[in-house]
């Protein structure tokens, strides 16, 4: 989802950054601020890197990141 910011006669599009789970690094859909797999885990918009895993059983990246379900994941999540 995009937001709009009006500054004088200009309109600037603002990108909404989705939340990532601090436990499993899964990136949530827009409007969702709680991980369905880890409801008590902290979530944040402070994350880096983006990977989409289609088939975790055949993915080298999924095995290195300990991912066992298909989905969108952040490579690094900063929880403070």
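If the condition is being on the phi < 0 side of the Ramachandran plot, outside any strand (DSSP E or B) and surrounded by fewer than 11 Cβ atoms within 10 Å (Cβ to Cβ), then segment 34-67 contributes 36, 39, 40, 54, 55, 57, 58, 60, 64.
Taking every residue in segment 58-80 that is without any contact (Cβ under 8 Å) to a residue 24 or more places away in the chain and pairing it with any residue that is part of a loop (DSSP other than H, G, I, E, B), at least 6 positions away or on another chain, the pairs with Cβ-Cβ distances below 7 Å are 70/54; 70/55.
Taken together, the values in this text are just the output of simple stated rules run on the coordinates, not laboratory data. Everything numeric in this text was worked out from a predicted model, so none of it was measured. No Cβ is skipped: glycine too gets one built from the backbone with ideal geometry, and neighbour counts run over all protein chains shown.
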